[in-house]
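First up is the structure itself, then whatever we jot down about it.
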Amino acid sequence: MARKKDLRFLSCLVVFMVMCLAMYLVILSQPKKHGHKPSKKHLIHKKSRSESQPSPASLSHNNNVLPQQKSHPQQCTEKKRIALLKNHKVGGDTVKNILNRYGYNKNLTFLIPRSFAPSLAYPYNLNPNTVIGRPPNKTYDIWVHHAVFERDVFRKYFPNDTVFLTILRNPLSHFKSVWNHYQLRKKFGIPTTKIDSILMFLREPAIYDPICGHGSHEPLCFTQNSMAADLGFPLKDNEKLQSLKSEKTRMAMAQKFVQRIQEDFPFVMIMEYFDESLVLLKRMMCWSMKDIVYYSVNSKRYSYKHVEIEGKDKERHEEWNYVDYALYDHFNKTFWQKVGEAGNGFWEEVRFFRMVNEKMRDHCAALIQKGAPCSRYGATLEVSDTQWGPGFTIDREFCLLARRGLRCHFTLQAERLTRALGLRSKGTHKSALNAAEKELNRHCNYCQLKIRCNKEDYLAHFYREGYISARQYGEFKKISFPKLSSCSLPPTVLRPESQQKLTR
């Protein structure tokens, strides 16, 4: 009898275990649900180490191959304070305009160079003689101009939660851009053809370099370790570096500086991977994709870009820019480490970001340049919510702000600052004005009509600041965009899965 009871007990136990196992397998087979719809205040990011680090070319040349990523939801808090240490000729103006728009949208306080001139703080450190004073009861939130970086000085102006950001470029590519922008062939008095002149310089850089620059505003010719110099590498150390015979000593000197920058800058953008850099920046700052869409600024074509510099000439350039190469090599390596750790469909997000950026430019060209009531995408372009952040709308107002130039952004930052400081108006043009221009004259503390901003930018600013009503703003818009009427096309919605399907 006892034996039968034992058998029944064992049978029940086996059945129970089988049922538990079956339920466990059913649960495992269900699709995972990641997170929830992100709010504007807290975006959801999923962070994990990718199974393999993709090569730089995996996105640029083969957008159809995407590494599979495993990720887990993690909340983050938006960071708003940021200081861009803007190197020369590295794509910094484009980054600057992204930050200009972000700070303007968030109504943040910009630290502005004195005399309201965007380059007058360079090549000096920040001090009361080079920057405008702080408004009462305000803290500085953003810096976007040229200045020589010195950690202790910047910390006097910005709170501890400020993120320091910079961008680097391949030193050889950087040299070609500098050579073109500053017209160094003429400054050095090299009479040869444009292409040969750059090679002639590289054969004897120490002879040519002292000829140009070295004044109060441009203390260097930007040919020798200029990216490092902008980040605080002492100019006098260039000579010391060249005189050192020991490669070990030279390397130690360069690496000491690189380590200092590593400690101060949590992230360094790489110009050659600009879109990837912006997506990483967005994730680090917990921003939205609408915060990083952009128009390229000061991107030019020039013959020097394609000059082949090889062999001994390239070696001489590497010696002449020893610290710049050390910086670039180090942060290019750490950049790809961050990409490898990004997770959460990083490459898919970059692809989607590029599509949104392309469609935004196309859409805005129709609405602003042509003044059409709608583009081929409709009156608005809608970007959907995604796993990487909330959606947003690209309408005429968005386009006006996205297309706003550097000089105009600077003027409107100054406009806000003069009001906050209670400074008196400098006045504007007194010529015959139309209705819109008279409205500008009434409200401008720091405006130069049609010089730094166009009327549309000024009026959008005054409407945003509450100086004019919605009715007034609507009337002025009709003057600027006389073709405005209802749009018969429905809005186009951009989703990650629509990248290959969008035909309109």
Long-range neighbours under 6 Å by Cβ, at least six apart or interchain, first residue in contact (Cβ under 8 Å) with a residue 40 or more places away in the chain and loosely packed, with under 15 Cβ neighbours inside 10 Å within the stretch 137-161, second charged (D, E, K, R) and part of a loop (DSSP other than H, G, I, E, B): ASP161/ARG81
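Results for (1) under 30 Å from HIS306 (Cα atoms); (2) surrounded by fewer than 21 Cβ atoms within 10 Å (Cβ to Cβ); (3) assigned by TED's automatic domain parsing to the domain that holds LEU417; (4) at pLDDT 95 or above, shown as yes or no for each residue.
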| position | (1), (2), (3), (4) |
| --- | --- |
| LYS80 | no, yes, no, yes |
| ILE98 | yes, no, no, yes |
| LYS106 | no, yes, no, yes |
| PRO113 | no, no, no, no |
| ILE132 | no, yes, no, no |
| VAL163 | no, yes, no, yes |
Selected residue (criterion: modelled with the lowest pLDDT) from residues of the stretch 116-129 that are surrounded by 15 or more Cβ atoms within 10 Å (Cβ to Cβ) and over 14 Å from PHE149 (Cα atoms): PRO118
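Quick check, is VAL279 surrounded by fewer than 18 Cβ atoms within 10 Å (Cβ to Cβ) and among the β-branched types (Val, Ile, Thr)? Full working, then the answer.
Details: surrounded by fewer than 18 Cβ atoms within 10 Å (Cβ to Cβ): no; among the β-branched types (Val, Ile, Thr): yes.
So VAL279 does not fit the description; no.
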Number of positions in the stretch 190-205 that are within 14 Å of CYS221 (Cα to Cα) and without any contact (Cβ under 8 Å) to a residue 60 or more places away in the chain: 1
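The values are calculated or read from the model by the stated rules, or taken from the named source; none is laboratory data. This is a predicted model, so every value here is computed, not measured. Positions of Cβ are backbone-derived with ideal geometry, glycine not excepted, and every protein chain shown enters the neighbour counts.
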